[in-house]
Amino acid sequence: MGGASSAAIQVIDGGAEGSKGALEITGTVRPGFVWPFAGAAFFPRSPPMKGMMDYSKFRTLSFFARGDGQKYSVTFFSTADQNSIPSSYPFETGGDWREIRVPLADFVVDPTRIRGVTFMSGTPGQSFRLQIDNVRFL
């Protein structure tokens, strides 16, 4: 998107609730874009951001998170305009796994048009470490 932020993902051992592993997202958010961020995204269809999925039968996005104590957000790309700012749900992390439940009705513009979900940091000038596990729509 023309920014200077960077992120990397890797599977690590020892996930939430005794799972075998989790996804670790590390990176640095840098200025250089109107809305600086870095993180990891899930796109339900290919190519990314082009195809949409209907998630209207689900009410909640649930996941476990832990990390460096910083503020993060999960964003939902679900508007008719592909270039609009996504809706976001903020959350914080700590050293222990914590379940986070996002009520989709409050944060998803149109659940029939989900193009992507992103777990991200948006604090410019900071490096970050976020781990997520057991991500699921309920």
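Here, each number is a calculation from the coordinates, and none is a lab measurement. None of the values given here were measured: they were computed from a predicted structure. Here the Cβ positions follow ideal geometry from the backbone for every residue, glycine too, while neighbour counts run over all protein chains shown.
Numbers at a glance
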read-out: Globularity index of the stretch 91-131, i.e. its alpha-carbon radius of gyration over 2.2 N^0.38 Å; value: 1.47
read-out: Cα-centred dipole magnitude for the chain, charges only on beta-carbon of K, R (+1) and D, E (-1), debye, nearest 20; value: 280
read-out: Net charge contributed by nearby residues that have their C-beta within less than 11 Å of Ala22 (K/R +1, D/E -1); value: -2
read-out: Gln70 long-range amide H proximity, modeled H, under 5 Å; value: Thr93
read-out: Two-site label geometry, Ala105 and Lys20: point separation in nm, points 7 Å out along Cα→Cβ; value: 3.8
read-out: Zone residues, the stretch 96-138, relative to Ala8, backbone N less than 16 Å from point 7 Å out along Cα-to-Cβ; value: 127-131
read-out: Length added when fully stretched, Asn134-Arg45, from 0.36 nm per residue minus Cα-Cα; value: 30.0 nm
read-out: Label-point separation in nm, Lys57 to Ser127, each point 7 Å along Cα→Cβ; value: 4.4
read-out: Spherically averaged projected area in nm², based on the convex hull that wraps the Cα atoms of the stretch 1-54; value: 5.5
read-out: Matching label, Cα Rg over 2.2 N^0.38 Å computed from the structure shown, candidates (i) 1.02; (ii) 1.07; (iii) 1.45; value: (i)
